[in-house]
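Just so you know, all these numbers are worked out from the coordinates, no wet-lab data involved. The structure presented is a predicted model; accordingly, all values stated were derived computationally and were not measured. FYI the Cβ positions are ideal-geometry reconstructions off the backbone, even for glycines, and counts take in every protein chain you see.
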Amino acid sequence: MFDFGFSEMIIVAIVGLIVLGPERLPKVAKQAGQWLGKLQRYVADVKSDINRQMELDELRNLQSEVSGAARDLQESLQSTIAETRSQFDSITADLEGAGGAEPLEPATDWEKVYAQRRLRERIRDRRIEREKELGHKRPKRRLH
């Protein structure tokens with residue numbers, strides 16, 4: 001903290017001994033040491049406060065950068081969503097406008113569906129009857 005050499009400290013001690021005398025010098029030296037300790041603690045507290053303020057400023061700057069980036073991202077996402085929505089609406093309008101055109105999916109022929117189901121049931125029933133006649137059962141399939 002202070003730049004005192006050994007020779008300067010010897011000179012201060014000799015002057016203190018001459019001015020204060022041998023009885024009061026130890027008390028004054030003790031009090032000076034206490035003041036010096038308090039001064040060093042005060043300087044350390046000031047340094048730590050300054051460091052904390054600098055860290056707080058850095059954190060505030062970082063927070064403002066992050067919030068700015070988040071705002072930019074949100075704006076870009078909203079513009080992308082709006083653009084996609086407008087494209088979807090235009091495609092929907094085009095599809096609705098083509099009402100006289102053929103439907104996109106063929107109509108379901110329920111008769112074919114029911115016929116296939118009946119055929120599958122008959123095949124299954126025949127297999128079960130055959131297994132009963134032969135006296136053994138086919139192993140079940142294992143699903144992966």
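The rows are residues; the columns are (1) closer than 30 Å to D3 by Cα; (2) among the charged types (D, E, K, R).
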position	(1), (2)
L39	yes, no
D45	yes, yes
D72	no, yes
S76	no, no
F88	no, no
E96	no, yes
E131	no, yes
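Taking the criterion of being loosely packed, with under 10 Cβ neighbours inside 10 Å and touching a residue at least 40 places away in the same chain (Cβ under 8 Å), the only residue of segment 1-56 that qualifies is M1.
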